[in-house]
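Read-outs throughout are calculated quantities, based only on the coordinates presented, and are distinct from any laboratory measurement. Computed from a predicted structure; not experimentally measured. Glycine gets a Cβ as well: all are built from the backbone with ideal geometry, and neighbour counts include every protein chain shown.
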């Protein structure tokens, strides 16, 4: 498949006004290429547009280490090649659409839908595999960056924010790497183990943030700053709510201890709620 795609990459330059390498950055690596000669690219969103290539040109979909590129060689209404790039952070779904004689790579973002019919139908299977693998690598890099930022954070609230982002990224990576028809891969297993580590730290960060808010509320109450104390206790309760949600969903997370800590916050919060309700009546 690698040699076949090398041939396809060479063909790509014949379908565009300028070579694919001229579109990519100097350090950018092209992992995989799909081509077609007449169909072009279908782009959906608020409305659907078909970008067809000019005479003697074609269309190219290139999966690089940085982004996904869709190029159409000099469409009739343009002076140069059409180019659309999709950042990997924006990709929401990747799938293969099969019709009687053709297969298409379909990529959706939050606002657009790109459909690219391949010159060789069976090449779409390989493209989906490469794209999902590339996406997984990108998402894992992002997860690691968030995890590192959480380690460097000095405040529990900041750490929790970074860990929430890391957890979302690890979940996304596990989905991309997983295959119901195949045994669990080493990469998928590693992503799940990293996610478990993040989960444990996330529960702890939310508890630390909640405890810090509760302690600060005690100081505010002692100084008769009821409004500030109320806001801090609400923050503490919300942090405990999230910690409790995670602890119950992903054992072992010690939900009983978190519930007791939360109950103490609620007990301090209730008199303030009543006091504010009476004052505002």
Taking Cα atoms, the helix 156-177 axis meets the longest principal axis of the chain at an angle in degrees (rounded to 10) of 40
Degrees, to the nearest 10: 255-279 long Cα axis against longest axis of the chain: 70
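In deg cm²/dmol, rounded to 500, what helix-only [θ] at 222 nm does the chain give when every DSSP H run of at least 4 residues adds -39500 (n - 2.57) and the total is split over its residues? Can you show the working numbers first?
On the way: 7 runs with 155 residues, N = 281.
After summing the helix terms and dividing by residue count, I get -19500 deg cm²/dmol.
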Region 199-273: relative contact order as a whole-number percent, Cα under 8 Å and 6+ apart: 35
Length-normalised contact order of region 153-279, Cα under 8 Å, at least 6 apart, in percent, tallies to 22
(i) 48, 48, 33; (ii) 80, 45, 39; (iii) 50, 43, 36: which one is Cα extents along the principal axes in Å as calculated from this entry? (ii)
What is the spin-label model distance, in nm, from residue 157 to residue 226 if the labels are put 7 Å beyond Cα along the C-beta direction? 2.3
Rounding to the nearest 10 and keeping the result within 0 to 90°, find how far the Cα-based axis of helix 2-14 lies from the longest principal axis of the chain. 70
Calculated FRET efficiency, residue 29 and residue 87, Cβ-Cβ r, R0 25 Å, to nearest 0.05? 0.95
Distance from the Cα centre of region 120-168 to that of region 34-54, in angstrom? 30
So how do 139-150, 207-218 stack up, highest first, on mean other-Cβ count within 10 Å? 207-218, 139-150
If I model a spin label at residue 266 and residue 101 as a point 7 Å from the Cα along the Cα→Cβ vector, what separation in nanometres do I get? 6.6
Label-point separation, residue 80 to residue 254 (7 Å along Cα→Cβ), nm: 6.0
What ranking do 193-204, 82-93 get when scored by the average of other Cβ atoms within 10 Å per residue, highest first? 193-204, 82-93
Whole-angstrom gap from region 169-235 to region 59-78, using each part's C-alpha centre: 40
Relative contact order of the chain: what whole-number percent is it, with Cα pairs under 8 angstrom and at least 6 residues apart? 10
